[in-house]
Amino acid sequence: MTYLVVCSVSFVASGLTLFSGFGLGTLLLPAFALFFPVERAVALTAIVHFLNGLFKLALVGRHADRRAVQRFGAPAILAALVGAWVLLQLTELPPLASYTLFGREFRVAPVKFAMGWLLAVFALIDLIPYTRDLTFSSKYLPLGGALSGFFGGLSGMQGALRSAFLLRAGLSKEAFVATGVVVACLIDFTRLGVYVPAVLATGGDLDYALLAAAVLSAFAGAFLGARYLKKVTLRGVQLIVAAMLLLVAMGLASGVL
């Protein structure tokens, strides 16, 4: 069941979000979080996201806008380090609360509480038309990089903010896609330098077989997306995904998951 859920999400999300610039990390994190502790789920998601980003880089990277990468990417790298550090600090904190329901004890861990709220916020962004279509002037690119990098380091959910800022940067469609891929790779590489040593130091198992399967599924989705899809805007799918994210968010924030 673990392989079916994770690989299916990885394949579909990678294919559908190649041109939107976000979605893989947001969808894959809850899938991993169903089977692993949140901090390990974030690390696993980051590895898949990074390797899939490198694959996309080979497909479209030549179109990246160097100036946009510099203005957006430099603040993103620094902020990603801060976000990843905050995540590790949250994992060390004691439970915020505990309660008993149907004879079972549930504990609300700070990292799960924070992750649940972040998932809820990003799900609502996709549900509300105003926030979904919000973009920012190109002069705010450094701010966008800092915000995208911080939330990328904290939770892996960086793409929605990245796209909102890059959409108004005066880039062609090809440059928008490629620039987003380059920046995502920079953020992922930065946060992996924090996540992976921390997970290995605590004796955590990264489950390399599952990682390989998820990465290959993402590769297949990205390849088909680049070959057959010019632009996918499936509003019904977005609504279903957002609703599912809200359910997972409530489960994490309440300690049920």
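Among the residues of region 67-76, is there at least one that is surrounded by fewer than 18 Cβ atoms within 10 Å (Cβ to Cβ) and free of Cβ contacts under 8 Å to residues at least 60 places away in the same chain?
Yes, there is a match, as at least one residue in region 67-76 is surrounded by fewer than 18 Cβ atoms within 10 Å (Cβ to Cβ) and free of Cβ contacts under 8 Å to residues at least 60 places away in the same chain.
Being in a helix (DSSP H, G or I) and modelled with pLDDT of 75 or more narrows it down to one of Val237, Val194, Val199, so name that one. Steps first, answer last, please.
Values: Val237 fails: modelled with pLDDT of 75 or more; Val199 fails: modelled with pLDDT of 75 or more.
None of the other options fit; the residue is Val194.
Please specify each residue of region 134-174 satisfying the condition of being buried (at least 19 other Cβ atoms within 10 Å of the Cβ), among the hydrophobic types (A, V, I, L, M, F, W, C) and part of a helix (DSSP H, G or I). Outline the logic, then answer.
Taking region 134-174 as the starting set, the residues that turn out to be buried (at least 19 other Cβ atoms within 10 Å of the Cβ) are 141, 144-166, 169, 171.
Right, trim to among the hydrophobic types (A, V, I, L, M, F, W, C) and you get 141, 146-147, 150-151, 154, 157, 160-161, 164-166, 169, 171.
Listed by number, the residues that qualify are Leu141, Ala146, Leu147, Phe150, Phe151, Leu154, Ala160, Leu161, Ala164, Phe165, Leu166.
Go through region 104-129 and count every residue that is under 15 Å from the mean Cα position of the chain (by Cα) and of a type in the set (A, V, I, L, M). Talk me through it step by step, then tell me what you get.
Pass one, region 104-129, residues under 15 Å from the mean Cα position of the chain (by Cα): 114-123, 125-126.
Still in the list and also of a type in the set (A, V, I, L, M): 114-115, 118-121, 123, 125.
Here the count works out to 8.
Are there any pairs, at least 6 apart or on different chains, whose C-beta atoms fall under 9 Å, with the first in region 107-128 and more than 15 Å from Leu161 (Cα to Cα) and in contact (Cβ under 8 Å) with a residue 12 or more places away in the chain and the second assigned to a helix (DSSP H, G or I) and among the charged types (D, E, K, R), and if so, which?
Val111/Glu39
So which residues in region 42-68 are aliphatic (A, V, I, L, M), assigned to a helix (DSSP H, G or I) and closer than 26 Å to Leu224 by Cα, if there are any at all? Give the steps one after another, and end with the answer.
Filtering region 42-68 down to residues aliphatic (A, V, I, L, M) leaves 42-44, 46-48, 51, 54, 57-60, 64, 68.
Narrowing the set further to residues that are assigned to a helix (DSSP H, G or I) leaves 42-44, 46-48, 51, 54, 57-60, 68.
Val42, Ala43, Leu44, Ala46, Ile47, Val48, Leu51, Leu54, Leu57, Ala58, Leu59, Val60 - these are the residues of region 42-68 that are aliphatic (A, V, I, L, M), assigned to a helix (DSSP H, G or I) and closer than 26 Å to Leu224 by Cα.
State which residue is farthest from Pro30 (Cα to Cα) when the search covers only region 72-114 and only residues that are among the aromatic types (Phe, Trp, Tyr) and in a helix (DSSP H, G or I). Before you say what the answer is, go through the steps one by one.
Within region 72-114, the first condition is being among the aromatic types (Phe, Trp, Tyr), and the residues that meet it are 72, 85, 99, 102, 106, 113.
Checking the rest, the ones that are also in a helix (DSSP H, G or I) come to 72, 85, 113.
Working: Phe72: 27, Trp85: 21, Phe113: 13 Å.
The residue in question is Phe72.
Looking at Ser10, Ser20, which is the one that is at pLDDT below 80, in a helix (DSSP H, G or I) and under 26 Å from Ala114 (Cα atoms)? Give the derivation first.
Numbers: Ser20 fails: in a helix (DSSP H, G or I).
Only one candidate qualifies: Ser10.
From the list Leu4, Leu81, Leu87, Leu51, exactly one residue is in contact with an Asp or Glu (Cβ under 8 Å, 6 or more places away or on another chain) and either on the phi > 0 side of the Ramachandran plot or modelled with pLDDT of 80 or more (or both). Which is it?
On the way: Leu4 fails: in contact with an Asp or Glu (Cβ under 8 Å, 6 or more places away or on another chain); Leu81 fails: in contact with an Asp or Glu (Cβ under 8 Å, 6 or more places away or on another chain); Leu51 fails: in contact with an Asp or Glu (Cβ under 8 Å, 6 or more places away or on another chain).
Among Leu4, Leu81, Leu87, Leu51, only Leu87 is in contact with an Asp or Glu (Cβ under 8 Å, 6 or more places away or on another chain) and either on the phi > 0 side of the Ramachandran plot or modelled with pLDDT of 80 or more (or both).
So which pairs qualify, if the first residue must be in region 145-172 and on the phi > 0 side of the Ramachandran plot and among the hydroxyl-bearing types (Ser, Thr, Tyr), the second must be surrounded by fewer than 24 Cβ atoms within 10 Å (Cβ to Cβ) and part of a helix (DSSP H, G or I), the Cβ gap must be under 7 Å, and the two must be at least 6 apart or on different chains?
none
The values are calculated or read from the model by the stated rules, or taken from the named source; none is laboratory data. These numbers were taken from a predicted model, which means no experiment stands behind them. With ideal geometry, Cβ positions are generated from the backbone for all residues, glycine too; neighbour counts draw on all protein chains shown.
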